[in-house]
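Okay, structure first, notes after.
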Amino acid sequence: MFEILRRDGMARIGKFTTTSGRSIETPTLLPVINPKIKTVTPRELYDEFGFGAIITNSYIIKNTPALNEEARAKGLHEMLDFPGVIMTDSGTFQSHMYGEVEMTNREIVEFQRAIGTDIGTVLDIFTEPFWTEQQTADSIVETLKRTEEAVSLKGEMMINGVVQGSVYPNLRKDCAEKMAKMDIDVHPIGGVVPLMEQYRYAELVDVIMSSKMGLNPNRPVHLFGAGHPMILAFATLMGCDLFDSASYAKFAKDDRMMFIDGSFRLAEMQSLDCNCPACRGITLEALKKTTKNERIKILSRHNLFAIKNELALVRRYLREGRLWELAELRCRAHPAMLDGLRRLRDYQAFMEKFDPISRDGAIFYTGIETRGRPVFKRYADRIMTRYVPLTKKAAIFYGEQNKPYSRHFVEEFANARRQGYTPVILCPWGPVPAELDEMYPLAQSLFPAIEDTDTTNESEELTLDFLETMFEETVNGSELEMKEGEDIPEEQLDLERAKAVSRYQFGIEATDALFRGTIELRKSKRTGKIRNVISDGEHVLSMRAGDGFYTLRLEGARRILAAVPAPHMRMAVTDDSVPFVSNGRNAMCQFTTACDEDLVPMDEVIVVDKDDNAVATGRMLLVASEIFSMKKGIAVKIRSGSEED
Ligand SMILES: [Zn+2]
């Protein structure tokens, strides 16, 4: 069972519970345990490092008589002395590297089940990046056949259905779609180690994203063989939930240390300024003089601490809604990773469907790759389709650093308006009509004062397109002559601001319904900002101070339902759950019957019954495709129900 608790980008914090009742919080990493050589014991991994899950190789256990016997007699958890989740690998990699493995898929799946593995793995076929498309496609047919067999044999054990497909995005997506339809519990993305070893990160992004497009969002995604701390933030951002690392021990044997910016050979290092518990108090010279065994122990532990620290940081950034910033920073550790980040922009439209409408903190621009975030696409799309110009003439102003613009350009804007011009600011987001300048992401973002060429070019191009579409005439605001005259009343400007935000957030039709009749705007006495929208005596909207967006009141919801056809902004629930939701209980995935596919996380949503009557309003936590594949969990956090009125 997989439940999504928090999200950011494509990333999620989830709770994954195995059939055996053990659970782990994702994203997490499973250290690989060689059952023959336990460099760090499973008990230490659990107690000291806090790893709640490990992975070990069932093929080695099966082929080592003593281990085989012990595992069958005691079970895997007792044998390894590990109380957490144990995943086993099937020998696919051994088979691939060292030739034929003398066993069948059936044998290894049944063995994994017999020794009490929490999550077992199919004997799938590893696909290499140099394989032809045909060779890859043929091997996937076999992998799918074996996966079907494994599903029929799994019993109480959970099973990994490995997505293969080499570097062919269409094969990856197709394989993922077929895996998604089977009764599988976890989706590893396989065959990626060669890509990482060869620094082919752009292709790694293609592999991950094309797999994600086909997979069932209800299952955790495991990036098989990815365990270097430098990749964790980026891969988590793309929606990978599980990772594993054998390299912490392999590197240690090789006298290599993992750091957040790469791996380094002890012999080539100039100093060891590491403050992790394994290295504390040791100099590089002293470390080099230790015995081989002692050194392996220290370096393994150092590598594990490097992983553990980065994982903690990834989770913190994810919770704070700032994972993009961390991933962008990490991708600067190596030019090949920067390639990966740049390639990710190709998936901007796909990612936009999962990207929350707003977040708590401000967006920090870290470089031109930031423009690849889905929020840039969303702003560009909505400003072109949901903005309604106030006049036919625009006056352009410059100066990103002068936020909020309406408070900086007070005289200039007033003068432009007196002459029938609508003030529009050219900023890194593109065009910002003055009415929108307090709304997310415009006010809640920080850019460097010294602009880069990409930002200049892209924002200018978008602004030109916008001006041409929306206005008949454009002038440079700073060249407008100062003219005396009647100012546009403040009430009217407030109303235009209130409507512009509503159109951006809910669409033009919904806004017409919300702002019908006599409108009264209540403003905060302290900040002067709009707080409540009262339409014909009904309180329909409240504006949030943080992101400048609205929360939708039930009275407002009823107007949208009457004016805009389904499914716009709606999620329908079963008759049974109507009384609960109208009482303010959250709307659950399993009781949802229909949902607007355009809604994104944190969007305002109207929960309706089967006859399209408003039951409650709330905020989306998931998107439609997730809601329908989830077995449990909250789909909408309910704010106000009809019972409260
Ligand atoms: Zn260290």
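The values are calculated or read from the model by the stated rules, or taken from the named source; none is laboratory data. Bear in mind the structure is a predicted one, so any value in this text is a computation, not a measurement. Here the Cβ is made from the backbone with ideal geometry for all residues, glycine too, and neighbour counts use every protein chain on show. Just so you know, the surface numbers come from the protein's heavy atoms only, side chains and all, with ligands and any DNA or RNA stripped out. Shrake-Rupley method; radii C 1.70, N 1.55, O 1.52, S 1.80 Å.
Only residues that are assigned to a loop (DSSP other than H, G, I, E, B) and either open to solvent by 40 Å² or more (accessible area, probe 1.4 Å) or of a type in the set (Ser, Thr, Tyr) (or both) were counted across the range 397-418, and they come to 4.
Exactly one residue among GLU496, GLU461, GLU472 is surrounded by 14 or more Cβ atoms within 10 Å (Cβ to Cβ) and modelled with pLDDT of 95 or more, and that residue is GLU496.
When ALA267, ALA235 are checked against the criterion of being more than 16 Å from the ligand (Cβ to nearest atom), open to solvent by less than 10 Å² (accessible area, probe 1.4 Å) and either assigned to a helix (DSSP H, G or I) or farther than 30 Å from LYS15 by Cα (or both), a single residue qualifies: ALA235. Being part of a loop (DSSP other than H, G, I, E, B) and open to solvent by less than 30 Å² (accessible area, probe 1.4 Å) holds for only one residue in MET439, MET482, and it is MET439.
Reported count of residues in the range 197-214, each being touching a strand residue (DSSP E or B) at 6+ places or on another chain (Cβ under 9 Å) and open to solvent by 20 Å² or more (accessible area, probe 1.4 Å), is 1. Does LYS610 fit the bill of being open to solvent by 70 Å² or more (accessible area, probe 1.4 Å), basic (Lys, Arg) and over 26 Å from LEU215 (Cβ atoms)? Yes: the conditions hold for LYS610. Checked against (1) surrounded by fewer than 17 Cβ atoms within 10 Å (Cβ to Cβ); (2) more than 16 Å from the ligand (Cβ to nearest atom); (3) of a type in the set (Gly, Ala, Ser), GLY321 passes all but condition (1).
Being within 12 Å of the ligand (Cβ to nearest atom), open to solvent by less than 60 Å² (accessible area, probe 1.4 Å) and closer than 20 Å to SER247 by Cβ is the filter here, so list the residues in the range 270-298 that pass it. Scanning the range 270-298 gives LEU272, CYS274, CYS276, ALA278, CYS279, LEU287, ILE298.
Listed conditions (1) surrounded by fewer than 22 Cβ atoms within 10 Å (Cβ to Cβ); (2) modelled with pLDDT of 95 or more; (3) among the small types (Gly, Ala, Ser); (4) touching a Gly at 6+ places or on another chain (Cβ under 9 Å) are all met by ALA53, apart from (1).
For the range 163-178, filtering for residues that are within 22 Å of the chain's Cα centre (by Cα) and basic (Lys, Arg) leaves 2. Residues considered: TYR248, TYR201. Of these, the only one that is out of contact with any Ser or Thr (no Cβ under 8 Å at 6 or more places or on another chain) and not acidic (Asp, Glu) is TYR201. Within the range 246-260, the set of residues being under 31 Å from the mean Cα position of the chain (by Cα), assigned to a loop (DSSP other than H, G, I, E, B) and away from the ligand (no atom under 14 Å from the Cβ) comprises just one member, ALA246. Per this entry, ALA362 is not counted among residues that are in contact with a helix residue (DSSP H, G or I) (Cβ under 7 Å, 6 or more places away or on another chain), closer than 25 Å to LEU599 by Cα and open to solvent by 10 Å² or more (accessible area, probe 1.4 Å).
Only residues that are of a type in the set (Val, Ile, Thr) and more than 21 Å from PRO565 (Cβ to Cβ): list them for the range 475-512, please.
VAL475, ILE488, VAL501
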